[in-house]
Every structure is written in structure tokens, then in C-alpha cells.
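S.K.: Below are the C-alpha cells for one structure; questions will follow.
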Amino acid sequence: MDETITDISSEEEMIQSAFELLLKSYAQSNHRQKFEIIHKAFLFANQAHKGVKRRSGEPYIMHPLAVALIVSEEMGLGSTSICSALLHDVVEDTDYTVEDVRNIFGEKIAEIVEGLTKISGGIFAKAASAQAENMRKLLLTMASDIRVILIKIADRLHNMRTLGALLSAKRYKISGETMYLYAPMAHRLGLFAIKTELEDLSFRYEHPDEYRQINLKLDATAKNREMIYEHFTEPLYPILNELNIQYKVQERIKSVYSIWNKMNTKKVDFEDIYDIFAVRIVFEPKLNIDVKKQCWDIYSVITDLYKLRPDRIRDWVSRPKANGYQALHLTVMGPDGQWIEVQIRSDKMDEIAEKGFAAHWKYKEYSGSDKIEKETELDRWLERIQDILEAPSPNAMDFLDTIKLNLYASEIFVFTPKGEIKTLPQGATALDFAYEIHTSVGDCCIGAKVNHRLVPLSHKMDSGDQVEILTSRSQIPQREWLNFVTTAKAKTKIESSLKKRKKAKIQDGEQMLEDAFKKTGIECTIPIMDKMLSYFGYLKKEDLYFAVAEKQVELLPENIRKALREKSGNYLMQFVKQAFNVETENGEDKHAEILVVEADKIDRKKTYILEEEGFQKNYIAAVCCSPIPGDDVLGFIREDERMEIHKRACSVALTQKTRFGNRIISCEWAGHKVVSLLGKIELKGLDRKGICREITHVISNDLSINISKLNLNSADGFFEGTIEITIHDANDINTLISCLQKVKGVKSVKRTN
């Protein structure tokens, strides 16, 4: 009995301490001090969640308190957002309703809580499209009040910080979803610090070994970095002091995830990344002097001292990023012979960079006496999101990908013939620009003039280009346009137009099929339609109707009679392709035998052990990333209850974790010494006579590994290429890499997909 009382009192102390920390954070902000309503929201939430525990064992109220602290401390939001954060789970998890919240706390808090409740339930729903619809609701609410998504991101950040208490499969699902949507969303809203932490936490749970190794390397090189930083900044202080400004110089270390991502995308080692740290100069601008000029003054004194790298200047002061980020970046050669990036920001720019949209509200600019707010790039981005949401019934399965298209993209700035600036993602084409102007312009686009030079629709634009769109009334959107548009708006509008045309074609095809059957004197019943689908190789009758209208299928009377005599056609092959995403050779699928072997039932709550006996029967290796025993992997349960194994870093798996989170399974390899799997290595080095023979000798003779494909090219004294081998596990490929690195002339050996 005494122990229970002690536990209750210690829990109450913990809760009270967390609430006082929240009040302290709020008291230090610039917001109007509305302590009374925050206190009321805390008491209401505490009472509503009383007796409920989180999986970690702590009282549930600790979660809303932590989310409210993030909202206050790390986003800089005020009392309305803090109250909404405290109440964000009340409607979903207790008997209280939105109406109760409205009666006690007013319309605005109730509206935000309702928005958060709508988008909360579906994110872990079983239906594949539920998560897409859920994100759609989130964005719709966001367009009316941005605080909904800000609190949702804070909620996700705290969930990620406490993810260790969950089962492995749930961790993979939540971290994958975070990396796919929430980190990019935080990036787009300018929450740089939160975006970085979300990425790092996701990476830590998905790739614990790599995370630990990079952290160890960062610790090992810390003293050397500190020395380089001191050598670089010491001569800076006297010349910055001469400018007579208030400033601070900071060291910014690249995040663990960013380092790993760069190592993978650039195919370089940790030691080859030169921008692991950057120097940041944050200054307090002088009154009545243009802030841009003060940035360039600091730039000038740095380049007087150190040699500039001209191709690495980034001026986001004159033209901010779409998420509001402003800074002047330059790269110079430091005294220790290393390239060092320097970031120059005012204190306002720095706060916007760290706290994003919330800081925008604080610094919102007004023009003239009528107090009309200037439109920011973020406002325009929200308008574009609204544009996509209002498109006629976008495909729920493609919706997340469509939205994600423009979340992370870097921007370019392009001019209309009249000098108006349009912001587009890097890699945007002339056709993207046409749709950015107006849907009708995009639909009728036949070409463009970029800087007065005629270019095709697929031409990729650069910042500063002046673009004139050429149109024709006879032009209509084409399916191949989807291959080279990059903006979500363009993709959505093209797909919408194609769907309308396809619907009309399907109706034409249905009529043509009915007419053909009338000529043969046969009634088109359901069993007969099934035979037609099977013979011509289509899964749905709409697909057959469309093929008929497009003249891909000839409906001659003899073809119809032949179709009805056929016992089985291409339907099975179509099913195999759809279910297993594998190509067929000469009409026979190489994995078709797995259809007739019944898979064992898989317990989705336990970690599945990948034993050799289950290969092809219970699980298959995904062709997109070719995992082998020893790789960090996860399983994805298909419709037929078989499991598809992906590397945890696989981009396809990332999408699956977001769309089908409930089908993700935690997996571990057992020993594999009988089944052989395909592996691939990439080699580079100095060419010399006999090196190819030595490489193949090491693989085949010394290690007894079979080579299935070899492709080495030599030019100007260098060679590079790939070798495909059959191996049993990751140890085999690691041993092979180690042995090949000892061959004279071989400079780099890496595993590749």
C-alpha cells in the first residue's frame, strides 16, 4: 500500500515538474502571457488521461506535456498552440468530444484539436489508401491553419524520441513514415533543427550499426576539427570587430544522417567529406543600413582573408528559399588547407532558419499604412498544395508521392517574358513552367523559348532563365509528359486530363465490344467476359475496353471465337506480374512455381527468422535492392501472405512503410550456406597488363565464388566497371572486397545494387 502511494506521489511530482518547465519556457517567450488558459488546459488533459500509461510505463499526460514544450520551446508558438498540444489526444483517446473542448476553450482551439484528431486515427490504418487520405486531410486543415501541421510534427518528434519502447516492426513503420513525409514537411516549413533530428532518429532506429560507426568517427575526429576551427576563426575576430557589429561565431556539425546520405549518394568514404563542419556567423543588424549590404560586408572581409571557391557561393539573402530560409553561404580555403563553408545570417534569419514558419509570424512584414501582408514563398507553396487537393479525385495510392515531389526539392527562379519571377523545383522543365502559369497554358503547350532560343517541352531550366511558352489549340496532354514533369501541380493536372480522356475511351471501347459480339451472335455474359480477359491478358474489363478503343486489340469474329475456345490465357501471367513484380521470359515466369506452394502463416508481432528452408516458399528477395544474408532488412507481407525482403535503406521499402505500415515485419537472418543469391561489386583503379586476370583469379580460384557477369572498361590508364557474383551472405562479399583491395592497382571496391 505504501509503495503504491509513493509511486503515485512520484508520478505527480514528475507531472508537476514537466508542467513547470513548460510554464517557464512560455514565460521567456515574447507572446502575451496567458497562463490561466494554459493551466486550465493542463488540468483538463491531466484529468482526462488520469490512470493511463504509455508503453514506456510513464503517465500518458507526459506525452502532451512534452509536445506542448516542443511547440513552445523549439517552434516558438503561443498559448493557443500550447493548449491545443496539451489537448491533442483528448478527443481521440477519451470520452470527451470536440464540442466539450469548444465549450470550455473556444472555437480556435477546438478547430485545431479537431484537425489533429481527424489526421491522427488514419495514419496507422489498415487500408492502403487510408494513410494517403489521412495526409490529404492533414494538408486540407493545414491550408486553413498551419498550426495543425506544426503541432502534428511536434507530436511526431516526441514519438520518435521515445520510439525505443515499441516493437521492432512498429519502429520501422513509424521511422519510415517519418523519413518519407514528416522530415520533408518540417524541411518545407523551415523547421531545420527539427527536420535534422527527425532524420537522425529515423536513421538511428533503422540502421543502428551505421549510426554508431559514424558517431564513433565523429568523436575520433572531434579534436582535429576543433583545431581547424580555432585556426580558421582566430584571425577572423579582429577584422569582424572592425565592422563594429554585435556578432557570434558558431561551429555547425553535419548531422549523422546527412553524412551517411552523402557517403551513399556521392559514393565516398567518411574521410572524403570535406563539409562535415561549417562556420556560422550570426550578427545583429545595425539600424537604417540594409541587411543584405551588411551580409556582403562580412562576406568581403572573409574573402579578403581567405581564398574563395567561386562555384560554391549561395545567395539566399536576395532570394530566400521557399521555406523562408535566408543566408549567404560561401566556401573558402582555410589555413590548414581544407575547404570550409561559412554561413552568414542576421539574428532574424537565424531564428527563421531554426524555428521556421512560427518565426515568420513573429517577423511578418507589412507594406504601407493599410497593413497588407506581403505574400511569402510559403504562402505560394500552400496555394499550390491547395491546387493539388482541389484536383478531381486524385488516386489515393499516388497522392503521397505527388505531394512529396516538391517537399525536399531545391528551388530555381525563372522569369516570364514580362519579368515576373516564378519559383520551381530544381530540375523543372519548360512544361512545369507552363503549368505553373496556368493549367490551360500547360494543356496546350507545344514548346518554349528559353532566353529567346526554341527548346522542347522536356528542356530543364536553370535559375535566371527567361521563358516564353508556345501553345496550340489543337494540343492535348500526352501520357509521355508524365516522364519529364517534376512538379506535383503539373503531374496532377496531366493525370486528371488523361483520366477524363481514358473514361471517354473506355465508353467507346465498351460500345465497340458490344457491337462485335452482336455480329457474332453471342451474348456477352460474365463468364464469357472472364474468358475474354484471360485470353487477351487483362485483369479488368475497363482495361480491355480501353485497349479495344485504342485498337490494341482486334475484335474480329474469329478472334472472339478463338478467345472463347481457349482454356487458359495470359491471365495467370498478368497475376504473377502484378503480385510479384517480376518480368516474364518467353511467356513463362521464372518464379511462377511459388504460386502453387502454400506459404506458412507469419506471426506479425514477432521478429521473423529468415531460414533457408523458407526461401521462395515463405519469402523472396526484392529485386529493387537485392538483399543478402547479413544486410539490415525488413519484411513486407504481400497480398498472398508471402514476405518480400528489402534492405532497410531501400527507397521502395521507404514508400511501403508509409503506405502499408501494418504489413511491415521485423526480420533477422539465420545462416545461409546452401541458397546462392546475386551480389554486385563496383571496382575502380589504375590499369595495367594482367590486372583483369588477377581480379578474376582472386574471385574464382582463391575464394571459389562464381562470376555471373563481368563488365570492366579501360581508358587513359584507368579502369572501372562492375562484377556480378553469386554469394551466400554479406560475409562472402565483405571477404571478397577485402581481398580485391589488396590487388595492385585496385583503388576502390564497393558493393552496389
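S.K.: As a quick test, which of the pairs Lys505/Lys601; Lys321/Lys493; Lys40/Lys348 have an alpha carbon distance above 31 angstrom in this structure?
M.R.: Lys505/Lys601; Lys40/Lys348
S.K.: Take the alpha carbon atoms of region 298-330, find their center, do the same for region 608-651, and report the distance between the two centers in whole angstrom.
M.R.: A separation of 46 Å, based on Cα centres.
S.K.: Further, regarding this structure: Highest mean first, what order results for 14-20, 723-729 on Cβ atoms within 10 Å?
M.R.: Details: 14-20: 14.9, 723-729: 19.3.
Going by the mean number of other Cβ atoms within 10 Å, highest first, we get 723-729, 14-20.
S.K.: Provide the net charge surrounding Ala504, with neighbours chosen by a C-beta distance below 14 Å and charges set as Lys +1, Arg +1, Asp -1, Glu -1. List each step's numbers first, then the result.
M.R.: Details: positive: Lys499, Lys500, Arg501, Lys502, Lys503, Lys505; negative: Asp508, Glu510, Glu542, Glu550.
So the environment of Ala504 carries a net charge of +2.
S.K.: Something else about it: Considering only the other residues whose Cβ falls under 13 Å of the Cβ of Gln466, what net charge follows from Lys and Arg at +1 and Asp and Glu at -1?
M.R.: 0
S.K.: Moving to a separate point now. Could you rank the peptides 517-526, 480-489, 601-610, 342-351 by their average count of other C-beta atoms within 10 Å per residue, with the highest value first?
M.R.: Values: 517-526: 12.0, 480-489: 18.6, 601-610: 13.7, 342-351: 20.7.
Ranking the peptides 517-526, 480-489, 601-610, 342-351 by packing returns 342-351, 480-489, 601-610, 517-526.
S.K.: Can you give the net charge of the other residues whose Cβ lies under 13 Å from the Cβ of Asn713, counting K and R as +1 and D and E as -1? Mind showing how you got there, number by number?
M.R.: Values: positive: Lys684; negative: Glu682, Asp687, Asp716, Glu720.
Here the count lands on -3.
S.K.: Let me ask another. Give me, ordered by chain and number, the residues 5 or more places off Tyr619 or on other chains with an amide H under 5 Å from its own placed amide H.
M.R.: Met643
S.K.: What does DSSP give for region 619-665 in terms of the percent of beta bridges that are antiparallel, rounded to the nearest 5?
M.R.: 70 percent
S.K.: Taking 45 Å as R0, compute the FRET efficiency from the Cβ-Cβ separation of Gln338 and Arg32 and round it to 0.05. Write out the running numbers ahead of the final one.
M.R.: On the way: r = 48 Å, r/R0 = 1.07.
Efficiency, rounded to the nearest 0.05: 0.40.
Each value in this text was obtained by applying a stated rule to the coordinates, not by laboratory testing. None of the values given here were measured: they were computed from a predicted structure. So basically every Cβ, Gly included, is an ideal-geometry build from the backbone, and we count neighbours across all protein chains shown.
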